[in-house]
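Report on the following structure.
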Amino acid sequence: MDFWLIFFLLFGVFIIIFLILALPRKDCERISSIEAIDDPDVAKAFGRMANTPPFKLLRKKVISTIRKLEPSGTLIDIGCGSGNLIIQIAKTFSNLELIGIDLSEEIIAAAILQAEKNGVKEKIKFEIGSVEKLPFPNDSMDFIVSTLSLHHWSEPISSFKEIFRVLRKDGVCLVFDFQRNSRKLFYGLLTFATKIVVPKPLKRINEPLGSLKASYNKSEIIQLLTEIPFIKFEIKPYLAWMFIRIKKSSPSLS
Ligand SMILES: C[S@@+](CC[C@H](N)C(=O)[O-])C[C@H]1O[C@@H](n2cnc3c(N)ncnc32)[C@H](O)[C@@H]1O
């Protein structure tokens, strides 16, 4: 290949890495976001967005993390949305009992339809319900996942307490969400996406920028989780998002 072509390619990659890593992080107040996913147009637009490459990449990452933990028993996806992740889990792991739970009746109907289209309807039970009051007994779940839902939970401490209550001893919970103090570059990208790229119903509710602004910082999550006795957790922050991993090493106190 031509020397100058290689030179400019490498220079371009260097500039992109520099912009991502060197640009300052945004420091702003949290603004809570109401998703309005019960609006059928919003639910449909969100379903379309969830099929774009960044979301597919996220699901790949979550699935490879789950695989490493060799799951068995029952797995629930909290705030499962239109079911993309749990459907992928059903296609990947044949040994798991799967439950998708979401606040929105509209989105659960879409998830059931999607599971049917993907031939996994019989493998997943979908339920309408809230993370604040999970409809499961103490110590009953082996694995819990949740992606891009935490920033919508109105009671995050009681939600994490609920998660801890239903996890069985040695059970694991993986929560993935945005990180509010992301690089300014990421705010720029999401502002562009929200104002220009996404379908109208999402522009109307200021998404996905609203979700980024409603998300937490690592220090806030540490503060939230340390309020729960006996909880063990690890937070892995990345450029604009973070993985929270919770492990329960003792049974619930009933
Ligand atoms: C941005 S969507 C993410 C959907 C899906 N997890 C994904 O990654 O594509 C957030 C979802 O969380 C759900 N949600 C919000 N608050 C919730 C709560 N308190 N309990 C359960 N689900 C909730 C919303 O209805 C919505 O479907």
Subject >> Close pairs from the stretch 145-164: first on the phi > 0 side of the Ramachandran plot, partner near the ligand (Cβ under 10 Å from one of its atoms), Cβ under 7 Å, at least 6 apart >> reply: LEU148/PHE176; LEU148/ASP177; LEU148/SER211
Original post:
Quick one: is GLU97 exposed (fewer than 13 other Cβ atoms within 10 Å of the Cβ) and either aromatic (Phe, Trp, Tyr) or farther than 25 Å from SER215 by Cβ (or both)?
Top reply: no
**OP:** Looking only at the stretch 100-110, count how many residues are within 16 Å of the chain's Cα centre (by Cα) and either assigned to a helix (DSSP H, G or I) or over 19 Å from ALA50 (Cα atoms) (or both).
**Re:** 1
**OP:** Output the residue which, of all residues in the stretch 167-189 that are of a type in the set (A, V, I, L, M, F, W, C) and more than 13 Å from the ligand (Cβ to nearest atom), is nearest to the chain's Cα centre (by Cα).
**Re:** CYS173
**OP:** Return yes when ASN95 is of a type outside the set (Asp, Glu) and away from the ligand (no atom under 11 Å from the Cβ) and no when it is not.
**Re:** yes
**OP:** Could you check PRO71 against (1) surrounded by fewer than 21 Cβ atoms within 10 Å (Cβ to Cβ); (2) more than 9 Å from the ligand (Cβ to nearest atom); (3) assigned to a helix (DSSP H, G or I); (4) modelled with pLDDT of 90 or more and say which number it fails?
**Re:** (3)
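The values are calculated or read from the model by the stated rules, or taken from the named source; none is laboratory data. No experiment lies behind these values; they were computed from the predicted model shown. Here the Cβ is made from the backbone with ideal geometry for all residues, glycine too, and neighbour counts use every protein chain on show.
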